[in-house]
1. Return the total of residues in segment 264-307 being of a type in the set (Phe, Trp, Tyr) and within 20 Å of GLN322 (Cβ to Cβ).
2. Is it the case that GLY292 is more than 15 Å from GLU45 (Cβ to Cβ) and small (Gly, Ala, Ser)?
3. Can you give me the number of residues within segment 64-97 that are without any contact (Cβ under 8 Å) to a residue 24 or more places away in the chain and more than 30 Å from PHE250 (Cα to Cα)?
4. Which residue pairs have Cβ atoms closer than 9 Å, lie 6 or more positions apart in sequence or on different chains, and pair a first residue in segment 262-288 that is free of Cβ contacts under 8 Å to residues at least 60 places away in the same chain with a second residue that is part of a loop (DSSP other than H, G, I, E, B) and crowded, with 19+ Cβ neighbours inside 10 Å?
5. Just to be sure I understand, how many residues within segment 254-295 are small (Gly, Ala, Ser), more than 16 Å from SER334 (Cα to Cα) and exposed (fewer than 12 other Cβ atoms within 10 Å of the Cβ)?
6. Looking at segment 304-341, which of its residues are of a type in the set (A, V, I, L, M), within 30 Å of the chain's Cα centre (by Cα) and loosely packed, with under 15 Cβ neighbours inside 10 Å?
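Only the coordinates and a few stated rules stand behind these numbers; no lab work does. Predicted model only: the values in this text are computed from it and were never measured. Here the Cβ positions follow ideal geometry from the backbone for every residue, glycine too, while neighbour counts run over all protein chains shown.
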Amino acid sequence: MTTGKNNYARTDKLITAITGWIAGIILVMLAVWGIITLFELQRYEETNDAQVEEYINPVTTRVTGYISRINYEENQDVKKGDTLLVIDDSEYMLQQQEASAALMNAKAQIQVLESNVSTSGKTAEVAQAQIAAAKAKLWKQEQEYDRYKKLYDAESATKQQLENVETALNVAKADYQSITNNYDAAVSKVNDIRSQKAVLMAEIHRREALLGRNELDVAYTVIKAPYDGKMGRRTIQEGQLVQAGQTLAFIVNQATGKWIIANFKETQVSHMQIGQSADIEIDALPGKTFNGTIESLSPATGARFSLLPPDNSSGNFVKIVQRIPVRIKLTSTSSETALLRAGMNATVSISKKNG
């Protein structure tokens, strides 16, 4: 019995010793971890409220119509100028042809007016020549009348002869006035036609603008990639009716690169400056650190840019630490950042010594 009790006592002592050693090791590890954490907190400002960002822009249509062809798939890489999809342009082509025909008709009317101007001008020239002849004839009749008037006064001509000469003079005056009026009318008609030409020229400009608009509509039926990028989810099908202004897809702009938006607490940004270096760890890529520099600090807290900014003057006030969005430019090579995707979570550390 004594031997059994001694064995149990030795076992208890051994377990107690092992437990003590384990507890001591844990305490030492916790102390080391605490010291390292305090050291890091003294040297770095850190936040895990950070995400990878890229420009993700919608691809919209400017015209209404049925989709006739789609040239991309989900998550496909595209180059600037690649045709993404085509909308049926039959109606827009007809409108373009109609506008083109109307423009041709207006230009043809210009030619008709120019022909009328030429004809009216020649008519005026003829009338002007007739004026000279009528004026000469009138002068002759005036001289004849003066001569017979003197003969009549000297009783060398009869009254009937004088009346005949006077009648011929009146006819010559009427002819001269008629021809002069015809000339004025011809000149006035030329001016009227020229005024109509100005109106028609304005109509031609309007028709040209309308044709240009129709040509744009035809061009808008072919939707191209605005820049190098990667397509997002595809939600449209061939034969689907789309409306002008409708969002058809989303494209990630790879030409502008990627950056990090880190939301630091307002108590952390006092040491931060533009150009300051930053270390970035991505949750999806553990063990890999990316380099970056502070590009800009937000002019206001994130809450101020929300849809409904908080109004602290209404109701009970509860002080909440606000966060300032900090934009960080990735300085790592493009091959290193190729695996990063917009929306990935990140942890950002910024040294206080660089501030």
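1. Total meeting the criteria: 2.
2. no
3. Within segment 64-97, residues that are without any contact (Cβ under 8 Å) to a residue 24 or more places away in the chain and more than 30 Å from PHE250 (Cα to Cα) number 2.
4. LEU285/LEU340
5. The number of residues fulfilling the criteria is 3.
6. Hits for segment 304-341 are LEU307, LEU308, ALA338.
Results for (1) closer than 30 Å to THR61 by Cα; (2) assigned to a loop (DSSP other than H, G, I, E, B), shown as yes or no for each residue.
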| position | (1), (2) |
| --- | --- |
| LEU248 | yes, no |
| ALA255 | yes, yes |
| SER270 | no, no |
| ASP279 | no, no |
| ALA303 | no, no |
| ILE324 | no, no |
| LYS329 | no, no |
| SER335 | no, no |
